[in-house]
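First the structure, in the form of structure tokens, and then the observations on it.
The values are calculated or read from the model by the stated rules, or taken from the named source; none is laboratory data. Remember, it's a predicted structure, so these values are computed and weren't measured experimentally. Positions of Cβ are generated from backbone atoms using ideal geometry, with glycine treated the same way; all protein chains shown enter the neighbour counts.
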Amino acid sequence: MITAYIDGGSRGNPGPAGFGVRVEDESGAVLGRFSGSVGTATNNVAEYKGLIAALDWACAHGHRRVHIRSDSELLVRQMRGEYRVKNPGLQPLYQQAMELAGRIGAVTFEHVRRELNADADRLANEAMDAAAGEAAPGASITTPRQP
């Protein structure tokens, strides 16, 4: 099983937005770090973009068991089926995340305190900085990071 720490944020909400992801194996060794700016978006959109990026990475690397840790209680509860996804802007992102989770097989979700998600938060902030400097809002940049 791998663990993906995900975070997303927006400065202005909506505003320049980005996400960060840190992926670890069972021993805690870092398998990957990556981030992406999502142009102008809300923090919840950025959180979902981070989740989708993590799930997509897991699919691409053949992982069948993934544990997601996020400091977004809304995202975690929606993905667990505890909250409905009422926001029309989040519904397609939720559907995409559910499809990816189904392709993986076993995906679990855990809400963690922000201080336990520091690396993903740092990566998300770097992506928000990049989003703030983009000439074309809405462009998507994913930057793979080595451990």
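Here are some notes:
- Count of segment 38-71 residues which are among the small types (Gly, Ala, Ser), within 21 Å of Met1 (Cβ to Cβ) and under 13 Å from the mean Cα position of the chain (by Cα): 5
- Count of segment 13-31 residues which are surrounded by fewer than 13 Cβ atoms within 10 Å (Cβ to Cβ) and closer than 16 Å to Gly133 by Cβ: 0
- In segment 89-125, the residues that are acidic (Asp, Glu), under 15 Å from Met79 (Cβ atoms) and within 14 Å of the chain's Cα centre (by Cα): Glu110
- Single residue of Gly89, Gly50 found to be closer than 25 Å to Ala132 by Cα and touching a residue at least 60 places away in the same chain (Cβ under 8 Å): Gly50
- Filter result for Ala120 (under 16 Å from Ile2 (Cα atoms), among the small types (Gly, Ala, Ser), at pLDDT 95 or above and touching a Lys or Arg at 6+ places or on another chain (Cβ under 6 Å)): yes
- For the condition in a loop (DSSP other than H, G, I, E, B), farther than 18 Å from Arg113 by Cα and modelled with pLDDT of 95 or more, Asn87 qualifies.
- Number of residues in segment 88-107 that are surrounded by 15 or more Cβ atoms within 10 Å (Cβ to Cβ) and not hydrophobic (A, V, I, L, M, F, W, C) equals 2.
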